[in-house]
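The values are calculated or read from the model by the stated rules, or taken from the named source; none is laboratory data. Worth saying up front: this structure is predicted, and the values here are computed from it rather than measured. Heads up, the Cβs are rebuilt from the backbone with ideal geometry, glycines too, and the neighbour counts pull from every protein chain shown. Quick note on the areas: whole protein, heavy atoms, side chains included, nothing else; ligands and nucleic acids left out. Shrake-Rupley method; radii C 1.70, N 1.55, O 1.52, S 1.80 Å.
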Amino acid sequence: MFSNKKEPFKYSQDYPKKWLHIAKFWFNLKALWRWVRVQRPISKLMGYQYRVANDLIEIDITYQCNLKCNNCNRSSAQAPDNRHLKLSDISQFVEDSLNQKRYWRKIRILGGEPTLHPQLHEILDELYKLKQVHSDISIQLVTNGYGRRVNKVIGELPDWLYVENSSKIDSVQPEFGPFNLAPVDSWYHKFSDFSNGCDIAKTCGIGLTPQGYFPCAVAGGIDRVLNKNSGRQSLPDSDDEMRDLMKIACGLCGRFRDGHYVPPKLRAKILEQRTSDSWIKIYQEWDSNKDRNGH
Ligand code: SF4
Ligand code: SF4
């Protein structure tokens with residue numbers, strides 16, 4: 001039988017204190033290289049830095065959330081929305097995966113808070129069909145573990161599902177990155193090619209969201225507040241790098257700045273919401289359109 005590990009989330013990559021200076025130096029070098037690497041002439045010469053992993057997928061099944069964290073990279077706090085992914089979209093994903101003989105190493109179910117989706121159990125039943133074909137697929141659910149309702153659902157989850165519980169206790173998340181500091185608002189990225197993406201596309205893979213498929217689930221969340229619905233409407237072929245979608249989303253995504261994982265010890269803690277001009281405008285427009293769009 002598959003194991004059901006309900007453990008608190010831990011950052012696996014961290015550094016002991018004595019190595020901190022070396023690690024800082026190394027990550028400063030990496031940051032400099034990242035900047036050089038994404039400049040348009042260098043990208044043209046060397047190709048794009050990151051490519052979407054086509055055997056990993058993150059599925060945002062809802063944007064509803066019972067927490068309102070600062071700097072949420074799905075905008076569940078900044079632009080609250082009870083939009084859910086339809087069960088029929090999951091069924092279609094399963095059918096397309098089987099028809100295309102796609103092998104998924106890992107399928108992660110996220111949100112918003114995924115345990116709030118009213119059809120979570122039906123969604124899990126659908127995804128289990130893929131596990132019946134490939135027993136080594138890791139199917140994971142990522143929850144904030146916050147509140148009685150969420151914990152009740154966690155207690156009812158099947159044994160084959162791996163549960164990653166970040167056990168959040170409030171909306172201040174000092175270790176989050178500044179998602180809403182858009183690179184397009186910074187002189188530092190004036191000549192950057194945003195189609196380079198970042199390592200999230202490589203390490204987390206494609207995103208399936210209510211707006212369709214994207215190079216990462218974060219990009220789908222950006223599309224939601226832009227009201228574009230520009231995702232691919234069916235499972236993209238393995239060779240679709242979705243650079244057109246990266247070009248728009250990554251220019252707005254604060255994650256583009258570092259581009260790669262930086263251990264929390266080496267980053268400044270962020271205790272408040274940080275929002276640059278483009279995002280202020282996007283959220284204002286989203287807010288004024290929300291009644292018209294039925295959110
Ligand atoms: S718990 Fe997660 S989805 Fe909810 S607001 Fe916080 S970061 Fe966003
Ligand atoms: S920069 Fe943001 S939108 Fe672009 S690939 Fe990375 S996480 Fe996704």
| remark: Residue span Leu266 to Ser186: 0.36 nm per residue of separation minus Cα-Cα distance leaves a gain in nm of 26.6 nm
| said: Taking 25 Å as R0, compute the FRET efficiency from the Cβ-Cβ separation of Asp55 and Glu122 and round it to 0.05. | reply: 0.50
| Against the longest principal axis of the chain, how steep is helix 277-289, in degrees 0 to 90 to the nearest 10, with axes from Cα atoms? | 40
| What part of the accessible area of region 29-289, given as a whole %, is carbon or sulfur when the probe is 1.4 angstrom? | 52
| Packing rank of 130-140, 77-87, 272-282, where each peptide gets the mean count of other beta carbons within 10 Å, highest leading | 77-87, 272-282, 130-140
| remark: With all protein chains present and a 1.4 Å probe, the order of Lys247, Lys106 from largest accessible area down is Lys247, Lys106
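Per residue, how much accessible area does region 29-289 have with a 1.4 Å probe, in Å²? Write down the numbers at each step before the final one.
Working: 11690 Å² over 261 residues.
About 45 Å² of surface per residue is accessible.
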| task | About the Cα centre of region 150-295, how large is the charge dipole given +1 on each Lys and Arg Cβ and -1 on each Asp and Glu Cβ? Please answer in debye to the nearest 20. | result | 380
| query | Quick one: helix 217-226 against the long Cα principal axis of the chain, what's the angle to the nearest 10°, folded into 0 to 90? | reply | 80
| note | Counting sequence-distant residues (5 or more places) and residues on other chains, those with an amide H built under 5 Å from that of Ser138 are Lys106, Ile107
| task | Taking the Cα centre of the chain as origin, work out the dipole magnitude from +1 charges on Lys and Arg Cβ and -1 charges on Asp and Glu Cβ, in debye rounded to 20. | result | 1120
| request: Round to the nearest 10 and give me the degree value, 0 to 90, for the angle of helix 243-252's Cα axis relative to the longest principal axis of the chain. | output: 70
| task | Output the pairs from Lys18/Lys44; Lys30/Lys202; Lys86/Lys247; Lys131/Lys269; Lys68/Lys265; Lys202/Lys228 with a Cα-Cα distance over 29 Å in this structure; if there are none, say none. | result | Lys18/Lys44; Lys131/Lys269
| said: Just to verify a number: FRET efficiency for Trp19 and Arg148, C-beta to C-beta distance, R0 = 35 Å, to 0.05? | reply: 0.25
| remark: Taking 0.36 nm per residue of separation between Lys129 and Glu175 and subtracting their Cα-Cα distance, the length gained on full extension comes to 13.0 nm
| task | Would you kindly state how much longer the chain becomes between Leu98 and Asp159 on full extension, computed as 0.36 nm times their sequence separation minus their alpha carbon distance, in nm to one decimal? | result | 19.6 nm
